[in-house]
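See structure below.
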Amino acid sequence: MIGHLAYAAGSPCPTFVLDAGRLPQDDEALLAHLAEARRYLVSAGGAHVLKIALVEPSAHPMFDLDYRFVQALPGAPDRFDLRGSCGHSILSAVVAAARSGMLPRLVPGARIRVQVLNNGDSVVCEVDRVERDGAAFTVTFVQSAPVPFGELLPAGTPRTPLVVGTDRTEVSLVASANAYAFVDARDLGVPDQAALFGAGDELLGRLEALREIAADRLGWAKDGAFPKIAAVLPSEDGGIAARAVTVPGWHPSIALTGVVCLGTAVRIPGTVPWRIARENGADTGLLEIATTGGRTAVTAVTAAPGAADGEGALLWATVARKSVTFQGSFVLTPLSHLQFEEVAQCLALSGAA
């Protein structure tokens, strides 16, 4: 089998892309194969590659590509979480699929329609620019029908109190593209954007503890990757400043799905991000998000509350200026010295990114 590596700017690591049609359909057998692939990557210097994308041409007439995300977890090569998705990984998968011939060659203006098998998301990746080693996209997460705000709140309320030890902290659990727990950083003693971006292990530990309680609140495994968590507060330059946690540690920016989820949360009255956005007058239109890795922006389009139900609904969310670099392909098995050298070179490049 041939594996591909691609890196989406802002992601904590490259994505390892595989042809799903050549892998077992049964989860137990599939994960056994992926564990072997991870051992191979680790032996070649790729222990940092924790994102896996399984792709194949879609049989559905509305989609070009079926995509399944697998989050590899640190600690052992056979630890995985299949629950969520990854926007950066989706874009990496599109670039790799086009390079391998699974999709037509990417050209500006092309739209690749991706069906996310993990959670049923529909994602449209519009090509803005094509370069020798990659491409840039505008990404839209489209709903097949308007999704009422209530269905985006897995805990049933805009804010949920979580207790860690003797501390009680309110978070907003929102599920759009991925499930996130958003917490006001000021509730954790972080006063402003500079302090948030400069925070270290103490804040990271508190957020990870909150994330575990949030997972337990949703009935999910505490040692998994979902829900994600991010601390937010008003940005110095307008919009929202966000510091997110990934697997493992601080995210270098914020996940693409986190951008979508945060943009959605700002539109849902009563949530922590909604309240913070209103402080800066950023609760309508384009939402600017400041992170330690730079700025990004999202537009979440919603339907106004209806007269019958009094509740708004999500229509779609769009993120622009997302770039991907293709880093190479290699044969997984059987191994030869040359093939091992090729994957090691790819992994060295990905580590530099």
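Observations, loosely collected:
- Boolean, M62 is surrounded by fewer than 16 Cβ atoms within 10 Å (Cβ to Cβ) and more than 25 Å from P227 (Cβ to Cβ): yes
One line per residue, one yes/no per condition, for (1) part of a helix (DSSP H, G or I); (2) within 21 Å of F330 (Cα to Cα); (3) of a type outside the set (D, E, K, R); (4) open to solvent by less than 40 Å² (accessible area, probe 1.4 Å):
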{"site": "V49", "(1), (2), (3), (4)": "no, yes, yes, yes"}
{"site": "A98", "(1), (2), (3), (4)": "yes, yes, yes, yes"}
{"site": "G109", "(1), (2), (3), (4)": "no, no, yes, no"}
{"site": "N119", "(1), (2), (3), (4)": "no, no, yes, no"}
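- Residue in region 221-236 that is without any contact (Cβ under 8 Å) to a residue 40 or more places away in the chain, surrounded by fewer than 23 Cβ atoms within 10 Å (Cβ to Cβ) and under 28 Å from C13 (Cβ atoms) present: yes
- Failed item in (1) in contact with a Phe, Trp or Tyr (Cβ under 7 Å, 6 or more places away or on another chain); (2) open to solvent by 60 Å² or more (accessible area, probe 1.4 Å), with V123 passing the rest: (2)
- Here T292 meets the list (1) open to solvent by 60 Å² or more (accessible area, probe 1.4 Å); (2) within 26 Å of S144 (Cβ to Cβ); (3) of a type in the set (V, I, T) almost entirely, failing just condition (2).
- Residue count, region 255-300 (criterion: at negative phi and not in a loop (DSSP other than H, G, I, E, B)): 31
- If you filter region 81-96 down to residues that are among the hydrophobic types (A, V, I, L, M, F, W, C) and either assigned to a loop (DSSP other than H, G, I, E, B) or surrounded by fewer than 20 Cβ atoms within 10 Å (Cβ to Cβ) (or both), you find that the one that is modelled with the lowest pLDDT is L82.
- Inspection of region 217-239 identifies no residue that is modelled with pLDDT of 95 or more and acidic (D, E).
The values are calculated or read from the model by the stated rules, or taken from the named source; none is laboratory data. Since this is a predicted model, take the numbers as computed values, not measurements. In this analysis, Cβ positions are derived from the backbone assuming ideal geometry, glycine residues included, and neighbour counts consider all displayed protein chains. Note: areas computed on protein heavy atoms with side chains; ligands, DNA, RNA excluded. Shrake-Rupley method; radii C 1.70, N 1.55, O 1.52, S 1.80 Å.
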